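Encoded as structure tokens, the structure appears first; notes follow it.
The values are calculated or read from the model by the stated rules, or taken from the named source; none is laboratory data. No experiment lies behind these values; they were computed from the predicted model shown. Reconstructed Cβ throughout: ideal geometry from the backbone, glycine too, with neighbour counts over all protein chains shown. Note: accessible area is taken over every heavy atom of the protein model, side chains too, but ligands, DNA and RNA are not part of it. Shrake-Rupley method; radii C 1.70, N 1.55, O 1.52, S 1.80 Å.
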Amino acid sequence: MNNKHLKIAVRLFSALFLSLSLVACNTTDDVTDATVDVADITTNTKDTTIANAVLIDYDGTTPTITNNISSGVAVTVTNGDVVVKSTNNSTPISYVISGQSTNASLKIYSDADFNLVLNGTSLVNTDGPAINIQSSKKAIVTLVGGTVNRLIDGANYATSTEEQKGTFFSEGSLDFTGAGSLLIYASNKHAIVSDDNINMLGGTISVTQAAADAIHAYHNFQMSGGNFTLVATESGVESEAGFVSISGGAMGITASSDGITTSYTGTDTTILPYVQITGGTLTINASGEKVKAINSNSYLSLNSSDATVALYTSGNGCKGIKTSGDVKLTAGKLTILTGGASYYNTTDKATVQSSGISCGGNLAIQDGTISISNTGVGGKGITVDGVSTVNGGTITLTTSGATYTYSTTETSEASTFVGTGSIAINGGYLTISSTNDAIKSGASITVNGGSVYVTTSIDGLSAPKITINAGYISVISSDDSIYTSTTTDGTTNDGSLLTITGGTVIVSSSGGECIDSNGSIAQSGGTVIVHGTTLSTTVAFDYNGTFNITGGVFIAGGPNNTSVAKATSAGSTQPTVFLKFTVGYAGGNPFSLIDVAGNPLFTFIPTRAAYYFVYSSPTLKNGTTYNVFSGGENGGTNIGGFYNGGTFNGGISRGSVTISGQLTTASL
């Protein structure tokens with residue numbers, strides 16, 4: 001170690017704690033003891049031997065400069081402020097910064113890319129940026145392992161003809177790397193800001209406070225490594241005219257505005273203000289009216305199993321993810337918790353709703369583990385302006401807030417998965433709990449596979465057209481479990497349609513129709529199991545058009561309202577039996593249809609008391625007599641209270657029925 005390096009190391013090791021304490025006493029009132037965190041700062045400055053280096057060792061107002069560059073680099077010092085001017089574009093120069101000062105800064109002009117090495121320094125500038133790079137060239141910022149570095153600016157900047165946008169400002173790109181630490185307190189505006197790109201490769205950076213954004217890039221922000229903790233009055237990370245890409249590292253953001261935002265709204269089509277996450281760990285806490293944890297003015301993609309994203313938002317109208325374009329969730333773990341209430345914007349004359357995901361384009365969920373919960377009044381889980389497609393993944397959606405009411409005509413219901421366009425579920429495992437609609441589309445819902453469990457809802461699945469081709473669907477509702485409608489008039493055939501060609505559908509309503517179509521129902525396959533309400537003012541299922549069944553199994557138990565209860569329509573090609581009982585079946589009491597040989601067609605155990613049953617199946621044969629039993633046991637396979645086949649034992653005879661034609665009605 002040469003004498004110069006020894007001097008730097010000894011001075012830093014012995015004087016840094018004292019100097020940091022003096023900072024808290026001697027800087028402006030905007031920097032308090034709490035922001036300095038003196039007791040938490042430790043330093044073990046490393047000896048670094050760097051070729052082509054300019055060494056800048058701060059010591060109050062008299063920094064020591066060692067310029068090892070033979071030509072093209074000039075360093076001047078004025079009252080502790082260091083200005084570097086480099087016209088050397090043939091030598092890769094490193095500026096190694098160490099020492100401390102309570103009123104000093106570093107300004108760099110350079111005609112070429114350069115290295116900026118923070119080797120254990122504490123700079124406080126009371127009237128401007130702590131580091132001000134007036135060069136459009138790239139600066140590679142290395143945080144030397146074992147060192148803690150700190151930058152603080154003043155609340156008010158001296159007038160300048162040059163841009164000075166924050167504590168650490170650069171006209172050019174900034175690449176952060178190394179194994180050391182950097183603490184930043186931004187009193188005036190942004191903490192780290194570049195008029196070009198910012199690339200986080202390594203290091204540990206803590207922004208304890210930012211008067212504006214913690215990190216602000218005019219173009220792109222990329223993070224592939226490092227560990228970052230950001231506290232901001234405005235955004236945690238903003239890309240003004242570019243994208244945000246996270247492929248590694250860990251970042252925690254606490255913001256009073258958007259956590260991450262790509263804010264470009266101009267007309268330049270070469271700028272794509274998207275957010276892409278392919279790895280790393282991201283945690284965002286954003287609070288305030290209309291804040292978004294992630295706000296993308298283009299698309300958002302999460303497409304790596306190595307990525308973990310947790311978003312927490314609070315404030316009226318807040319959102320976990322907001323995009324102007326598509327949302328693509330291919331892999332990874334995504335957790336969104338929001339508690340923002342809806343409110344009425346009197347300027348726009350519209351209700352602003354909180355939501356977990358607000359997608360302005362198309363939503364595609366391919367895989368991953370997704371959990372979204374919204375406790376806000378009138379809040380939504382997922383809203384999509386375009387087409388929604390779910391091909392896989394484990395998805396849990398919960399909305400638990402009450403309905404927001406501004407006036408008799410302006411309300412917002414706490415619904416869970418709402419799409420203006422079509423919703424297609426081709427796979428995956430969905431669990432949904434909603435204080436209102438579980439899945440609602442303005443166009444259509446199609447289920448081609450996967451599993452959908454609606455554990456709580458007012459309306460379960462709701463759309464003008466619903467098609468179920470495969471998969472497993474279980475819906476519990478307090479009104480309509482499955483509802484098709486194109487108008488608000490529920491008394492006439494409005495052309496809406498429920499089509500079932502396959503899959504298993506189990507629906508249960510405590511206060512409405514389990515299946516309600518303001519148009520028609522068509523079933524050609526699958527198994528549909530209906531547990532009706534006990535309310536005598538409603539029925540188990542209803543339709544205004546026709547219910548034609550040509551295949552599959554349909555079983556329904558309904559309340560004491562046989563005068564208006566319906567069965568299948570005359571256009572059906574598969575026999576249906578409609579049984580009405582004077583004495584109903586108690587909830588949990590089996591109802592069985594047994595052939596003359598004692599073999600059960602089925603046993604059905606209704607969830608609630610039932611006074612009529614509608615059953616259609618390919619196994620029903622015209623001219624065949626079946627005995628009706630209550631009670632007893634069936635060893636068949638149980639699907640939602642429906643036992644198919646098996647062996648029947650015991651039970652009480654309730655009479656018999658002989659199948660005749662398309663529809664057989666009997667009162668027992």
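Distance between the modelled labels on Thr78 and Ala666, one decimal in nanometres: 10.5 nm (7 Å Cα→Cβ projection). Ser451 sits with roughly 30 Å² accessible to a 1.4 Å probe, with DNA, RNA and ligands left out of the calculation. The alpha-carbon atoms of the range 279-343 define a convex hull whose volume equals 70 cubic angstrom per residue. Carbon and sulfur atoms: what percent of the 1.4 Å accessible area of the chain do they account for? It is 48 percent, rounded to a whole number. Here the translational diffusion coefficient of the range 53-200 follows from Stokes-Einstein with Rh set to the Kirkwood radius across Cα pairs; for 37 °C and 0.692 mPa s it amounts to 221 µm²/s. Quick one: check the C-alpha center-to-center distance for the range 402-472 versus the range 220-270, whole angstrom. So the separation of the two Cα centres works out to 32 Å.
For the range 570-611, the relative contact order comes to 41 percent (Cα pairs under 8 Å, sequence separation of at least 6). What shape does the range 622-663 take by its C-alpha gyration tensor, where a ≥ b ≥ c are the square roots of the eigenvalues and a/c under 1.5 counts as rounded, a/b above b/c as prolate, and the rest as oblate? In terms of gyration-tensor shape, oblate. Bin width 10 Å, alpha-carbon pairs only: give the P(r) of the chain as whole percents, running from 0 to the bin holding the largest distance. The distribution over the chain is 3, 14, 20, 16, 13, 10, 8, 7, 5, 3, 1, given as percents. Grab the other residues whose beta carbon is less than 13 angstrom from that of Glu171, score K and R as +1, D and E as -1, and report the net. So the surrounding residues net to -2. The residues of the range 548-645 expose on average 36 square angstrom of accessible surface per residue, using a 1.4 Å probe on protein heavy atoms. Listed by chain and number, the lysines whose C-alpha is less than 28 Å from the C-alpha of Lys380, apart from same-chain residues fewer than 8 away, are Lys290, Lys292, Lys319, Lys322, Lys328, Lys333, Lys349, Lys440, Lys465. Each label was represented as a point 7 Å from its Cα along the Cα-to-Cβ direction; for Thr431 and Thr624 these points are 4.0 nm apart. Cross-link partners of Lys138 among lysines, defined as those whose alpha carbon lies under 20 angstrom from its own and excluding same-chain residues fewer than eight positions apart: Lys85, Lys107, Lys165. Modelled spin labels at Ser563 and Ser407, positioned 7 Å past Cα toward Cβ, are 4.1 nm from each other. Mind pulling the angle between the C-alpha long axis of helix 3-26 and the longest principal axis of the chain? Nearest 10 degrees, somewhere in 0 to 90. Helix 3-26 sits at roughly 70 degrees to that axis. Could you let me know the centre-to-centre spacing of the range 502-550 and the range 175-204, using Cα atoms, in angstrom? Using only Cα atoms to place each centre, the spacing works out to 60 Å.
Sorting 364-374, 635-645, 650-660, 165-175 by their mean Cβ neighbour count within 10 Å, with the most densely packed peptide first, gives 165-175, 364-374, 635-645, 650-660. Suppose a student asked you for the relative contact order of the chain, using Cα pairs under 8 Å spaced at least 6 residues apart; what percent would you report? Relative contact order here is 4 percent.
Solvent-accessible surface of the range 200-316, averaged per residue with a 1.4 angstrom probe and all protein chains in place: 33 square angstrom. For the chain, DSSP calls about 20 percent of its internal beta bridges antiparallel.
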